[in-house]
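The values are calculated or read from the model by the stated rules, or taken from the named source; none is laboratory data. No experiment lies behind these values; they were computed from the predicted model shown. Note that each Cβ is placed from the backbone with ideal geometry, even for glycine, and that neighbours are counted across all protein chains shown. Please note that ligands, DNA and RNA were not included when accessible areas were found on the heavy atoms of the full protein model with its side chains. Shrake-Rupley method; radii C 1.70, N 1.55, O 1.52, S 1.80 Å.
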Amino acid sequence: MQKLEVFGAKKLKGQINISGSKNASLPILAATLLSKNRITLKNLPKVKDIETMINLLQSLGSITKLNKQSLIIDNSKQKKVFASYNLVKTMRAGILVLGPLIAKFRKAKVSLPGGCAIGTRPVDIHLKSLSKLGVKFKILGGYVHANAPKGLIGTTIRFPKISVGATENLIIAACFAKGKTILNNCAIEPEIKDLVNFLLKMGCKITWIGKRSIKIYGVKQIKEISYSIMFDRIEAGTYLIAGALTEGNLQINNVIPKIIKTEIDVLKKVGAKIKVYRDKVNIIGSKKIKSIEINTSPYPGFPTDLQAQIMVLLCKANKKSIIQEDIFENRFMHVAELNRMGAQILVKGNKAEVKGNINFAPAELMATDLRASVSLILAALTTKGKSIINRIYHLDRGYENIEKKLNKVGAKIRRVN
Ligand code: EPZ
């Protein structure tokens, strides 16, 4: 089992190139199943979850070839509709193959994803919404058995709750449904816009008809295309927070600043100096970090995927801060580990009271989920001495070359077996 040794305290200075978005790549990879042609994808991040999704596509019969920075997917012989537990259990986004498989083959057998550290993560909205397009479901032995003998029929659906994954599954499935589908109360994360741009380029008929409403006309044919994935806004936000936290001077490249406006505004509010350019952002951390109250919410609100990271920054603020987690029911797993480093964070329900003026101390730590693990690295960067972070397989699911990128700007992180 690998672990990371992090030697602090370091000020981060220099430039970091942001990779492609994991959370845009996953639905787009799933959506390639709609095609019978070849699809070329560029700027996929080299992270474990993408590898797992590619393995899942291969298990369904897709032929994939990696050449230089592009992945070529050939689905001319793709016929299987069984997505096995051993692939889906490690990567919940495996449920995203359900929509395209049922749209293309009118049947599918997909493992129910387990829960994970941050919550039960049910897929009831995915299934209930797909059944409105005419899909019949049976849950048997941990698998979703889906059938739509007459194919999918377009209709109007309103999501009972904003769900990124359910919105993605339904948009993909509706591309092959007969007639018109209108989806209301959609999630509008940038990754969903990237998925829609990918589908439009393949020839699907999709129009945003309201802030959270989308209209889709089913099509029969889609084209062979190549597509470049958008940047990873959570990776970008993570490194901006690292720059603010270490009183550093960091420039992050290959980003679209307006997409991370909320995060930039929050960092300005806590006192960081930020300069925005066309495709890069420069942050200079200040000695004085101001406390704030913040709650996570669906885009364009403050992302839940940056909640653990901003919590570390607020431990250094001049007063107590409050963080309210409104998306997941159990996304404070990092608190216990941060408290072991000297933080004084009190969790009350979905609120965390974060005491300020904390000096972290190095410790041996355990990562519990993807974003919690990166928050431990951030805390370890601020303190003199060596911290050890175990179970870094969580980290490798979503951060490409994190120790290389951080060491290039002045960190000292070693990966040991
Ligand atoms: C996506 O997860 C992201 N994952 C998550 O990022 C992100 O935290 C989340 O959206 C919220 O932004 C990917 O894009 C691969 P949801 P998803 O459906 O689609 C409940 C990361 O760190 N819900 O928007 O699973 C659910 O339990 C990951 O990169 C239902 O109740 O999130 C949660 O409380 C972590 N029933 C809330 O809705 C359902 O059928 C939002 O979940 C579906 C969801």
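Below are the figures for this structure:
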quantity	calculated
Only listed residue being more than 14 Å from the ligand (Cβ to nearest atom), under 15 Å from Leu130 (Cβ atoms) and open to solvent by less than 20 Å² (accessible area, probe 1.4 Å), chosen from Ala177, Ala166	Ala177
Only listed residue being part of a strand (DSSP E or B), buried (at least 21 other Cβ atoms within 10 Å of the Cβ) and within 16 Å of the ligand (Cβ to nearest atom), chosen from Leu183, Leu130	Leu183
Output for region 385-408, where each listed residue is part of a loop (DSSP other than H, G, I, E, B), over 18 Å from the mean Cα position of the chain (by Cα) and at pLDDT 95 or above	Lys408
Residue match in region 349-356 (condition: in contact with a Gly (Cβ under 8 Å, 6 or more places away or on another chain) and part of a loop (DSSP other than H, G, I, E, B))	no
Selection from region 243-262 of residues that are open to solvent by less than 30 Å² (accessible area, probe 1.4 Å), farther than 17 Å from Lys316 by Cα and touching a strand residue (DSSP E or B) at 6+ places or on another chain (Cβ under 7 Å)	Leu250, Ile252, Asn253, Val255, Pro257
Residues of region 133-163 satisfying the condition of being over 26 Å from Glu191 (Cβ atoms), open to solvent by 60 Å² or more (accessible area, probe 1.4 Å) and more than 16 Å from the ligand (Cβ to nearest atom)	Lys136, Lys138, Leu140, Gly141, Asn147, Pro149, Lys150, Ile153
Of all residues in region 282-312 being in a loop (DSSP other than H, G, I, E, B) and within 16 Å of the ligand (Cβ to nearest atom), the one that is surrounded by the most Cβ atoms within 10 Å (Cβ to Cβ)	Pro303
In region 330-348, the residues that are among the basic types (Lys, Arg) and in a strand (DSSP E or B)	Lys348
Options Lys355, Lys384: the member that is among the charged types (D, E, K, R), surrounded by fewer than 16 Cβ atoms within 10 Å (Cβ to Cβ) and out of contact with any His (no Cβ under 9 Å at 6 or more places or on another chain)	Lys384
Given (1) surrounded by fewer than 18 Cβ atoms within 10 Å (Cβ to Cβ); (2) part of a loop (DSSP other than H, G, I, E, B); (3) modelled with pLDDT of 95 or more, number of the condition Phe7 does not satisfy	(2)
Within region 62-117, strands (runs of 3 or more DSSP E) holding 1 or more residues that are open to solvent by less than 20 Å² (accessible area, probe 1.4 Å) and more than 17 Å from Tyr143 (Cα to Cα)	70-74
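For (1) within 30 Å of Lys80 (Cα to Cα); (2) of a type in the set (Val, Ile, Thr), each residue gets a yes or a no:
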residue	(1), (2)
Met1	no, no
Gly14	no, no
Ser21	yes, no
Leu29	yes, no
Leu33	yes, no
Ile39	yes, yes
